[in-house]
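Here's the structure, in structure tokens; my notes come after.
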Amino acid sequence: MSSSALSLLRTHVQNPLDGSLSDFHVTPDIWSAAAARHPALAARLDVSIGRTRADFDTAIGEAEILVTWVGVAKETMDDIAHRAPRLRMVFCTSAGIERLMPLDWLPSRIALLNNSGTHSTKAGEWGIMAILMLANHMPVFATHQRERRYEKIFASSVAGRTLVAVGTGAMAIDTLRLAKSLGMRVIGVRNTALPHAGCDAVVTTADLDRVLPEADFLLLTCPLTPQTRNLIDRRRIGLLKPQAGIVNMARGAVIDQEALCDALDAGRIAGAVLDVVTPEPLPADSRVWTTRNLSLVPHVSADDPLTYTPRSLDIFFANFARWIAGEPMPNQIDPARGY
């Protein structure tokens, strides 16, 4: 795309239509700070920032770039080909875009991007915390506390123990680095077996069954796609050793939730720390609330209100720079893969 074609691209930033997630909104001040970090790129954009559906309806007809939340995209994309004839890019401020699948609504002229990379620092801290919680029996002690049961259970260091990580991308990379710094052995599981700096070994998903019995801890950070839905099913949970613990930072549907609860209640695995469940929000009558040796947080592991939006905008500008140069954008979603 030529330089002149990109001059003053009409760009609309749409915050959630219902006013939710206020800690993560793009405000004029936050946009101005990002523009100051990327002045040459920001000078190419004519920007509006919206908070309401009326703001969106007013701007979308002329927008060439849309920066928004997945929830907004879900609500507004059905007729986007007609409503936004000039639109060429949609940047979603979320790493997971499964709510937008299938992408049959996406015209080929529109590039869809996510904000993968925003979460890595916070996700790394939370992921290693969850592993250390499992290593030190904290979900078990929480169960004992509810039962008013005072029982000593001693823990060993994580050094020399094995972490199997399903997904080795931005959500996992800092957890893997921290795990290795503590002396853990890390086995990565992803689509290709190419070496990974954060792993001692890497295998493909086809070899998942072979490495699951080695896991002292199983970390899930992979995207939710048709291939990963129910990836950790009842049979694969059964391949884990009784002392193993599970950390899920991916999506709830990556694991068979009922099978996980059954295994925990029966003592067939040691514990679990879940950031994600299905459905969300979790109904009050879900058995997840009362499953033994399970710690639950409401999908907050990787979202830092101090850094999330500024980093997302930095990622947007980095991709925009590649777009101007006619180069592949690292955050562009491949509709065939779903991530």
* Structure fact -> Of the range 278-307, those with amide N under 17 Å from the point 7 Å along the Cα→Cβ vector of E151 are 291-295
* Asked: Taking the chain as a Gaussian network, where each spring joins two C-alpha atoms under 10 Å apart, which residue of W31, W105, W126 fluctuates the most?
  -> W105
* Asked: Candidates (i) 0.98; (ii) 0.94; (iii) 1.01; which is the computed Rg/Rh (Cα atoms, Kirkwood Rh)?
  -> (iii)
* **Burial order of peptide ranges 118-124, 235-241, 281-287 (average beta-carbon count within 10 Å, highest first)** => 118-124, 235-241, 281-287
* Asked: Between S48 and E258, 0.36 nm times their residue separation minus their Cα-Cα distance comes to what?
  -> 71.1 nm
* Structure fact -> the range 120-296, Kirkwood Rh and Cα Rg, ratio Rg/Rh at 0.94
* Set of aspartates and glutamates near K241 by C-alpha distance (under 19 Å), chain-local residues within fewer than 8 positions excluded -> D207, D209, E214, D216, D233, D256, E258, D262, D265
* Asked: Which listed residue (P328, A123, L21) has the Cα farthest towards the positive end of the charge dipole for the chain, taking +1 on Lys and Arg C-beta and -1 on Asp and Glu C-beta about the Cα centre?
  -> A123
* Would you calculate the separation in nanometres between label points at A336 and N191, each defined as 7 Å from the Cα along the Cα-to-beta-carbon direction? => 0.9
* Express in nm, to one decimal, how much length is gained between R99 and R229 on full extension, taking 0.36 nm for each residue of separation and deducting their alpha carbon distance. => 45.5 nm
* To do: Neighbouring Cβ atoms within 10 Å as the yardstick, rank D18, D303, D79, D200 fewest first.
  => D79, D18, D200, D303
* Length gained when the stretch R83-R268 is fully extended (0.36 nm per residue, less Cα-Cα span) -> 61.3 nm
* Asked: Can you list the chymotrypsin sites (Phe, Trp or Tyr not before Pro) in the range 138-199 that are in a DSSP coil and have 15 or fewer other beta carbons within 10 angstrom?
  -> Y150, F154
* Determine, for each peptide in 46-55, 308-317, 168-177, the mean count of other beta carbons within 10 angstrom over its residues, then list the peptides with the highest first. => 168-177, 308-317, 46-55
* Before rounding to the nearest 500, sum -39500 (n - 2.57) across all DSSP H runs of length at least 4 in the chain and divide by the residue total; then give [θ] at 222 nm in deg cm²/dmol. => -8000 deg cm²/dmol
* Among A165, A130, A263, whose mean-square fluctuation peaks in a Gaussian network model of the chain (Cα, cutoff 10 Å)? -> A263
* Structure fact -> Mean-square fluctuation maximum in Gaussian network of the chain, Cα pairs under 10 Å, restricted to L274, L224, L296, hits L296
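No lab work stands behind these numbers, since they all come straight from the coordinates. Note that the structure is a prediction, hence the values are computed from the model and not measured. Using ideal geometry, Cβ is built from the backbone for each residue, glycine included, and neighbour counts are taken over all protein chains shown.
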